[in-house]
Amino acid sequence: MTALNSIESVRNAAVKAVAETTITDLHTHIFPPSHENLLLWDINELLTYHYLVAELFTMAPAEITYQAFWKMSKTQQADLVWENVFLKHGPLSEACRGVMTVISKLGLQDELAKRDLGAIRKWFAAQKVEDYVQKVFDIAGLDYAIMTNDPFVPLEATQWTEDKPGHPLMKTALRIDKLIVNWPHAVEIMRSYGYDVQVLDDSSYSEARRFLKHWAEKLKPEYMAASLPPDFEYPKDDAMGRAMQNIVLPVAEELNLPLAMMIGVRNRATVNPALGDAGDAVGVANVEAVQNLCRENPNIKFLVTMLSRVNQHELTVLGRKFRNLHLFGCWWYCNNPSIIDEMTRQRFELLGTAFTANHSDARVLDQLIYKWTHTRKIVGGVLADKYADQFIAGWRVTEDEIKRDARHILGGSFEAFMKK
């Protein structure tokens, strides 16, 4: 194919390539329809997502207490968010814009313009969930999404012990947070399945490894995943360090199962437990822990994202040092346009295309639409700038090469990393 011959043509091709490239969403919290109420979707779930619940309590009247809110029905909670966050104030946050983007992309622009929540609810009520899943994936432009499947949550585990079917658009991941950060709770769950675990000793290590291998066999996961606090260190002779050293890493190496780590969340119990899921916060983490893990375990692949903006430069530099480290996504509090733009530019400048630009982290199915609509616009603009810089430097590129690179950062580099 002929090389593009102007900056304008290069920029247009980059924006178009990102807009049209099929995306692999490598970390979500969605579930297949067979898992029934675990699959969250519709306008009420969008409006009561914890991003917006937290926002509500920054502006709601004092008489609306946490306790009163949690006693309300989902519809009442959604009404409260709609009234206080969308109608009584300008809905300027990224979470608000996300809801509006979803509604518009579903073809409900008129209802949104009229602020007709009743009509929007009526449209959602008429959808069949199986068809709606396909519709959302088509609008978002995904080939597949990777779920989060936690055997330490009995309600989730039951879906798999009962052999309920999965979904062709959704792949599994084995979530292991509690094994690392809450050993007493993990012991309770493993013992309920008949595993002889107690204190962190050799016998319990062996049983816990057996538990993980059982679930890896059942789920056939793409990777193991753990959300870790900012004070996570490795190596360290504490409960987290011992669980990682003696349970998680041996299983990862034996099964050739990558380990995804999302690091930097301050648990709601230490921040604001009254907010429920909205009570978690962010803390600056220790990037050296990732460095040590990668250096000491060259046969294990690590997928890493960090929650604090402060950590991003150091982590990106580390991404240049280890072939067994892949950086992915703008997680949670970093999933805002200004930070996505900054992080994506930084990664291009240090890593080329050897990273995954984003993941949705969607807990509500519909969020796939807005997370990827917004990401495509930002990443397309950044890629256009980078190719314009190349053009000025004298490099000439074809449309096919731009399409190749767009796919790299939206899933292709992840898949290549997983096959190494």
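Rule-based calculations on the coordinates, nothing more; no lab input. Remember, it's a predicted structure, so these values are computed and weren't measured experimentally. Glycine gets a Cβ as well: all are built from the backbone with ideal geometry, and neighbour counts include every protein chain shown.
Before moving on, here are some points about what is shown:
- Modelled FRET efficiency - R0 45 Å, residue 277 with residue 401, Cβ distances, 0.05 increments: 0.60
- In this Cβ point-charge picture (+1 for Lys and Arg, -1 for Asp and Glu), segment 134-224 has a dipole of about 160 debye about its Cα centre.
- Among 180, 43, 392, residue whose mean-square fluctuation peaks in a GNM of the chain (springs only between Cα atoms under 10 Å): 392
- GluC sites (Glu not before Pro) within segment 31-128: DSSP coil, no more than 14 neighbouring Cβ in 10 Å: 63
- Largest-first principal axis extents, alpha carbons of segment 247-329, Å: 42, 29, 19
- Formal net charge of residues neighbouring residue 398 (Cβ-Cβ distance under 15 Å; K, R +1; D, E -1): +2
- Normalised by 2.2 N^0.38 Å, where N is the number of residues, the alpha-carbon radius of gyration of segment 43-126 equals 1.05.
- Among the listed pairs 218/420; 122/220; 321/403; 16/171, those whose Cα-Cα separation exceeds 30 Å are 122/220.
- Relative contact order of segment 115-201, taken over Cα pairs closer than 8 Å and 6 or more residues apart, is 23 percent.
- For segment 319-420, the set of chymotrypsin sites (Phe, Trp or Tyr not before Pro) satisfying both a DSSP loop assignment and a count of at most 14 other C-beta atoms within 10 Å is given as 395.
- Note on the chain: with a GNM built from Cα contacts shorter than 10 Å, the maximum mean-square fluctuation among 383, 200, 327 falls on 200.
- Stokes-Einstein D (µm²/s) once Rh is taken as the Kirkwood radius of segment 93-199 over alpha-carbon pairs, at 25 °C in 0.890 mPa s: 141
- q = 0.21 Å⁻¹: log10 I(q)/I(0) that the Debye formula gives for segment 267-381, counting C-alpha atoms only: -1.19
- Segment residue 390-residue 217, length gained on full extension (0.36 nm per residue, minus Cα span): 57.6 nm
- In segment 143-207, the C-alpha radius of gyration followed by the widest Cα-Cα span (Dmax) gives 13.8, 43 angstrom.
- Put a dot 7 Å past the Cα of residue 134, heading toward its Cβ, do the same for residue 419, and the two dots end up 2.8 nm apart.
- Relative contact order (%) - segment 197-301, alpha-carbon pairs under 8 angstrom, separation at least six: 30
- Label-point separation in nm, residue 126 to residue 284, each point 7 Å along Cα→Cβ: 5.3
- Taking amide H as placed 1.01 Å from N in the peptide plane, the amide H of residue 40 sits under 5 Å from that of 31, 365, each at least 5 places away or on another chain.
- Counted residue by residue at 0.36 nm each, then reduced by the alpha carbon distance between them, the extension gain from residue 59 to residue 269 reaches 73.3 nm.
- Among 213, 419, 114, the ranking by other beta carbons within 10 Å of each residue's beta carbon, starting with the fewest, stands as 419, 114, 213.
- Segment 250-372 - percent relative contact order, Cα under 8 Å, separation 6 or more: 21
- Farthest toward positive dipole pole in segment 43-126 [+1 Lys/Arg, -1 Asp/Glu at C-beta], among 126, 85, 67: 126
- Rough spin-label spacing in nm, given labels placed 7 Å along Cα→Cβ, for residue 314 and residue 345: 2.3
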